[in-house]
Amino acid sequence: MSVIPSIVEKSIIRFDVDQVRKDFPVLFQEVYGKPLVYFDNAATSQKPQVVIDSLKKYYSEYNANIHRGVHFLSQKASQAYDDVREKVSGFINAKSEREIVFVSGTTEGINLVASSYGRKNFSPGDEVLISTMEHHSNIVPWQMICEERGAILKVIPISDSGEILMEEYKKLLNSKTKFVSIVHTSNSLGTVNPVKEIIQLAHEYKIPVLVDAAQAVLHEQVDVQDLNCDFLCFSAHKMLGPTGIGVLFGKINLLESMPPYKGGGEMISSVSFEKTTYNEVPFKFEAGTPNIADVISFGVAIDYLLTSDRKAIAEYEQKLLSYAIKSLSDIEGIRFIGTAKKRTSLVSFVIDGVNALDVGMSLDTQGIAVRTGHHCTEPVMDRMKVPGTIRDSFAFYNTMNEIDKLKEGLIKAIRLLKK
Ligand code: 7TS
């Protein structure tokens, strides 16, 4: 990566965004005759050339199914695939690579835990806690399993600024609570939650906690041992990797206690019509041919991030955030939704008298990609009493100049729409 990795250099911030941008080919194009400004990074990040190249290399040089062929290609693919599990384990500081289950993304990770852990452990009258600011993927799987098991889904309220009300959370914890599932960083408000404290409080009641880290892993170092979370999920495509692959981390004793989620090849130890026995963790949860190519290129994305100066990146992204808040604040009629003290690099807002979708479409014609709507967090929109927001989510390859273009674009859109 183009960020200078030397320890000596790291003591002063030298983050060269122009160099970094060269790693991301998609950024160098025009949309409707305008240079692309990509501000939809919370939906999916762009991919560096090395990640793109690794997919091509796999398919053109060593495509083979893994863990079942004695031949050269299969062994090479198996080794590359297995190496990534170890890499992911190091990336989030898991105790062992056995705690890493490959899934298709955050959504599948949460569904796996809700189905497998929930079906085994929830009984009628038990309570499951989530917060108002969850993505739908951390709401619906819990609703489904609660309905099936007769358990009750309880919701931790949030403040007007979009922060978890910790006193309310404490009041909701009790001996009937069987699980807490909480988002690390909100995709629609930008709030970074005090997850470590949330986990500590739940553990006082011996309640396991799942952390949805989909929006966290690109922007900060997430350490599962430091957090002491029981489960954690994230998606590769939001952290420079390909779509279709993600991670469920689970503490080994919990994963071992859980029944399989899907049946098929790879997840078994032996099969007969009388009795089938299951493979050990994590393979017990990985039925069928896995997403080999995407796992391998996910490993390349992790390497890219690990060889970069993540502290410098985080500081740069916070600068982008401050700059955006400051410069967009003087747009007439703007109201930011989500003003928590600790926030990731995204802004979400509404503008008086104009529809968010119309603004998004107008920005698109100017080459600026933003997201509008409820961002799969409808309860957040209800809580904030807005139908949807305009969301600009930044990554380290974005620039202050692009934020200036966004401001100009917004002013132009408002002028056109208010006519
Ligand atoms: N959790 C959070 C906090 C998210 O932001 C998302 C996706 C998910 C879970 C689901 O991730 P997936 O990879 O399984 O789909 N968020 C968004 C978004 O903000 N815009 O598009 C997808």
As a check on your grasp of the helix formula, calculate [θ] at 222 nm for the chain: sum -39500 (n - 2.57) over DSSP H runs of n ≥ 4, divide by the residue count, round to the nearest 500. -11000 deg cm²/dmol
Over the chain, what percent of the accessible surface lies on carbon and sulfur atoms, probe 1.4 Å? 53
Roughly what % antiparallel, to the nearest 5, for the DSSP beta bridges in the chain? 60
For the chain, what is the accessible area per residue in Å² when the probe is 1.4 Å? 43
Cα pair count fraction exceeding 27 Å, expressed as % - region 125-265: 18
Mean shadow of region 63-206, computed from the convex hull of its alpha carbons, in nm²? 10.7
Percent of all Cα-Cα pairs per 5 Å bin for region 312-373, counting from 0 up to the last occupied bin, reads 4, 15, 22, 26, 20, 9, 3, 0
For the chain, how big is the tail of P(r) above 34 Å, as a whole percent of Cα pairs? 34
With the Cα gyration tensor of region 331-419 in hand, convert its eigenvalues to equivalent ellipsoid semi-axes via √(5λ) and list them largest first in whole Å. 19, 18, 11
Distance in nm between pseudo-label sites at residue 63 and residue 307 (7 Å out along the Cβ direction from Cα): 2.6
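The values are calculated or read from the model by the stated rules, or taken from the named source; none is laboratory data. Given the structure is predicted, the values throughout are model-derived calculations rather than measurements. With ideal geometry, Cβ positions are generated from the backbone for all residues, glycine too; neighbour counts draw on all protein chains shown. SASA here: full protein model, heavy atoms, side chains in, ligands and nucleic acids out. Shrake-Rupley method; radii C 1.70, N 1.55, O 1.52, S 1.80 Å.
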